[in-house]
Amino acid sequence: MDTIKDILFYYTQNGSYVWEQFYRHFLMSAYGVLFAAIVAIPLGILIARYHKLSAWVISLANIIQTIPALAMLAVLMLVMGLGTDTVVFSLFLYSLLPIIKNTYTGIRNVDHALLESGKAMGMTKFQVLRMVEIPLAMSVIMAGLRTALVITIGIATIGTFIGAGGLGDIILRGTNVTDGTAIILAGAIPTALMAVIADFVMGWLERKLSPNKKRKGALKKNIEEQAA
C-alpha cells in the first residue's frame, strides 16, 4: 500500500512532467514505426513480386533485429550524436522486420483467383495491387505495424541514456535514488499502459481490416466496375 501511495504522490507532484515524457515517448515510437512503414511496406511488396530477393532482405532485417538495443544506440550515437533523432532512427531499424515480413506474407497469400480475375479483365499490375492485393493484405500489414509499435514502445525507454527523454527518464531517476521503487514504477506503469493501449487499438484496426466474404465480394464488384 505504501508503494501505491508513493506512486500516486509522485503523479500528483509531477503530473505535467509525466505527461510531457509520456507524449515524447509516444512520438518517438510512432515516428520510428511511421518511417519504417514508408520504407518497409513498399519493400515487402517488392520482395513479394521478386521472390528470390525475399531471403536476402528478410535475413538482413533479422540481423538488425538481433543487435542489442544498447549496442545499436551506442553505434548510432557515434555517427548521429545524442538526442531524439538517434533514438527514432534505431526504432526505425527495429520496426523493419515485422512490417516487411507481414507485408510480404499478406501480399503472397492473396487469393490467386481474384488476381487472375483482375488480370483477365484487363487491369494493370498497379490497379491489381491498389484494388485487390493491398486491401486484402491490409489486416496482415496492420498486424506487422502493431507488433512494431509495441516493440518500439519498450525499446524507446533506453533513449534516456543518450538524452532523448521519454518515460525512461523517470525510470532512470528511480534507479539513482535510495528506495526509488515507486519512481521506477511511476515510469514503468505508463510505459506498459501505452503498449497495452497501442496493442488494443492496432488490434481493433487489424480486425476491422480483416478480409471476409462480404469484403471480397465488394472487391470483386470493384474489379468488374473498373474493367467495364
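The values are calculated or read from the model by the stated rules, or taken from the named source; none is laboratory data. Predicted model, so just to flag it, every value in this text is computed and none were measured. Here Cβ is always computed from backbone atoms with ideal geometry, including for glycine, and neighbour counts include all displayed protein chains.
Brief remarks on what is shown
- Meets criteria (under 14 Å from Ser29 (Cβ atoms), at pLDDT 90 or above and either among the small types (Gly, Ala, Ser) or crowded, with 21+ Cβ neighbours inside 10 Å (or both)) for Ala188: no
- Test: Thr86 is over 24 Å from Leu209 (Cβ atoms), among the β-branched types (Val, Ile, Thr) and surrounded by 20 or more Cβ atoms within 10 Å (Cβ to Cβ): yes
- Residue within region 170-179 that is in contact with a His (Cβ under 7 Å, 6 or more places away or on another chain) and aliphatic (A, V, I, L, M) present: no
- Of the helices (runs of 4 or more DSSP H) contained entirely in region 89-208, those carrying at least 2 residues that are under 20 Å from Ile67 (Cα atoms) fall at 134-155.
- Being out of contact with any His (no Cβ under 6 Å at 6 or more places or on another chain), in a helix (DSSP H, G or I) and under 18 Å from Ile141 (Cα atoms) is a property that does not hold for Ala71.
- Close pairs (6 angstrom Cβ cut-off, 6 or more residues apart or separate chains): touching a residue at least 40 places away in the same chain (Cβ under 8 Å) in region 44-57, assigned to a helix (DSSP H, G or I) and surrounded by fewer than 16 Cβ atoms within 10 Å (Cβ to Cβ) anywhere: Ile47/Leu53
- Residue that is within 26 Å of Ile158 (Cα to Cα) and at pLDDT 95 or above, where the choices are Ile99, Ile58, Ile67, Ile63: Ile99
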